[in-house]
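Read-outs: derived from the displayed coordinates by stated rules, not from any lab. Keep in mind the model is a prediction, meaning the values are calculated, not measured. Please note: Cβ atoms are built from the backbone with ideal geometry, for glycine as well, and neighbour counts cover all protein chains shown.
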Amino acid sequence: MRRRDVLKLGLGLSLLGGAAQAADTAPAAMDEAKSTTCRPTGALGVVIERASGSVLLVDNLARAVISRVEGLGDLSHASAVFSPDERYVFIFGRDGGLTKLDMLTGQVVRRVVQAGNSIGGAISDDGTLVAVSNYKPGGVKVFSADDLALVADIPATWAGGRSKVVGLVDAPGRRFLFSLYDAGEIWLADFSQGNDPEIIRLGHAGEGPYDALINGSGRYYIAGLFGEDGLALVDLWREPLKIRRILQGYGRGEKKLPVYKMPHLEGWTEADGHFFLPAVGHHEVLVMDSRDFALKDRIPVAGQPVFVMSRPDGRYLWVNFAVPNNDTIQVIDVPARKVVRTMHPGKGVMHMEFAGRGAEVWMSVRDENRIDIFDTHKFRKIASLEAKAPSGIFFTPRAHRIGL
């Protein structure tokens, strides 16, 4: 037999062997397939039902509720992050509960109560670590994303004892940044060398940092300050890391209004070379240059803004408000820097989330127990879904964005 015939015969036997091996393992694979629902994950999401301790699993392409998952504890101030493959969502409850939910099966994989009062969390850029920021006891706990086993406990200690932790975000390189509300400091937890983190105390940020964001490139961490007019910024591209004060005195000389609900800084927007952010205690959206961080403009709006969220293309901003204007949504044209549409979906518009590439926006209308879906080009409602006092809405594309 010629050599090439021998090679062909050997290749044929190898392929037959591989086919036989595949046939041997096929039943197990089929059983696994039967155990989960065959459903693409890219259009999935969860809606927090804050009053009932439940979440809705939703399909934003079908504009439909798939199922309700109950028994998740106190969700009065809840948030969520997704695994990089979009299959799992990690839900952070106010009661310190951390829940891992399978988006395909709608089943709870594991749930732990890790603190007495929790404010939110983040997932590392490699998807292996889930961090939770806590009010009580003040600090950060970090868990394995696989089985929610505790990896690290970081007490937020300062001269006054334990500080509440806010503004926890993921940063590139398996790092987390967070702010200490009582201490007025910003810390970085670096897990790049393993699960024993290096804790870097960056210093004093200002009075009462209440929330923070990291921009889409992962370069700038910006903390809002409740106790004074201004913001604190950390540039992660410049070593050594330092805190820089920006927008100092943006409300100087003005009468600050009572603050009925704190703005959520993860709802700030970077578009057209500027940051658009809610002013604390003022009926304005501030426009800050993203290069020199100078205040460039102020956009008057209907009330105290809570979320200032950009449509994915950056052309329009959708803004909701604290009471007594929480029945109102306004749309800002970014190039013109002015409000071009005012709508009144209903009482208690708590949160918004853009679907897909931004053709639609979902918004929770808490006090009327429904979710409204709007066409973002025609600015009109196209559908509604029933929900129990809905608040946060989170879609799986967040899995691929820094800080979300």
### Message
With a 10 Å cut-off between alpha carbons and a GNM built on the chain, which of P137, P240, P390 moves the most?
### Response
P240
## Note on the structure
A correct Kirkwood calculation over the Cα atoms of segment 340-404 returns a hydrodynamic radius in Å of 12.3 Å
### Task
Multiply the residue gap between S384 and L150 by 0.36 nm, knock off their C-alpha separation, and tell me the result in nm, one decimal place.
80.2 nm
### Query
In what sequence do S54, S364 fall when counting other Cβ within 10 Å, fewest first?
S54, S364
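Once you have the Cα-Cα distance between K338 and D367, take 0.36 nm times their residue separation minus that, and quote the gain in nm to one decimal.
Additional length available on full extension: 7.6 nm.
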### Query
Which links in K164/K338; K242/K347; K100/K164; K296/K378 stretch past 32 Å when you go from one Cα to the other?
K164/K338; K242/K347
### Task
Specify the angular offset, from 0 to 90 degrees and rounded to the nearest 10, of the alpha carbon long axis of helix 3-34 from the longest principal axis of the alpha carbons in the chain.
50 degrees
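With N set to the residue count of segment 138-183, report its C-alpha Rg divided by 2.2 N^0.38 Å to two decimal places.
With N residues counted in segment 138-183, Rg over 2.2 N^0.38 Å equals 1.25.
What is the extension gain from V113 to R39, computed as 0.36 nm multiplied by their sequence separation minus the C-alpha to C-alpha distance, in nm to one decimal?
Using 0.36 nm per residue and subtracting the Cα-Cα distance, I get 23.6 nm.
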### Query
How do W268, W158 line up, fewest other C-beta atoms within 10 Å first?
W158, W268
### Summary
Rounded to whole angstrom, the alpha-carbon centroid of segment 156-184 lies from that of segment 366-383 at a distance of 36 Å
### Summary
Put in order of increasing Cβ neighbours within 10 Å, starting from the fewest, D125, D375 give D375, D125
